[in-house]
Every structure is written in structure tokens, then in C-alpha cells.
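Below is one structure, written out as C-alpha cells; the observations come after it.
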Amino acid sequence: MVRGNIEKSFIYNPVVLYTVIATFIFFFFVVKYKIGGRHLNKDKLILPMLYIGVFIMLLNWIVKDWFLLFRGIDLLK
């Protein structure tokens, strides 16, 4: 991702790209709630993001292994 190859970075580890996006979403909500003067319940925001990240990681692992075991295609090359 540092070199600008987002597609390859996403194939290697999609959680990195998701973390960048989730961080921006989190800071957007923090600023929105601070400006509005309301209290932000961080647990209601962080836990779903964490579960989505774990789901993306598991799905990536399953897809890579499926292609490698049943198709003989190594997606990491």
C-alpha cells in the first residue's frame, strides 16, 4: 500500500485497507458527536468495526485457501 499498489495490498492483507477506512469513519463520528455536544458510546462503534475486520480476515483466508487447494492458483504470487 505504501508503493501505491492498492489491489495487491488488498490481496495480501485486506484488514490493513479496512483499518484505514474504519479509522476515518471512527474519527468522523467522534468529531460529529463532539460538535453536536453529545456523548459518543465508543463500544457501540468499535465492536461492530472489530467484528467486521475479523470477518474480512476470515473470508480472505478462506478464499485464498480455496483457490490454492481446489484451483491450484496461488493468489499471493
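Observations
- Scanning the stretch 1-18 for residues that are out of contact with any Gly (no Cβ under 7 Å at 6 or more places or on another chain), assigned to a helix (DSSP H, G or I) and among the β-branched types (Val, Ile, Thr) yields 6, 11, 16.
- Within the stretch 25-77, restricting attention to residues that are modelled with pLDDT under 85 and within 14 Å of residue 12 (Cα to Cα), the residue that is farthest from the chain's Cα centre (by Cα) is 77.
- Residues (surrounded by 10 or more Cβ atoms within 10 Å (Cβ to Cβ) and in a helix (DSSP H, G or I)) located in the stretch 32-46: 32, 33, 34, 42, 45, 46
- Residues located in the stretch 47-77, provided they are touching a residue at least 60 places away in the same chain (Cβ under 8 Å) and either surrounded by 11 or more Cβ atoms within 10 Å (Cβ to Cβ) or farther than 25 Å from residue 19 by Cα (or both): 75
The values are calculated or read from the model by the stated rules, or taken from the named source; none is laboratory data. Because the structure is a prediction, the values reported are computed rather than measured. Here the Cβ is made from the backbone with ideal geometry for all residues, glycine too, and neighbour counts use every protein chain on show.
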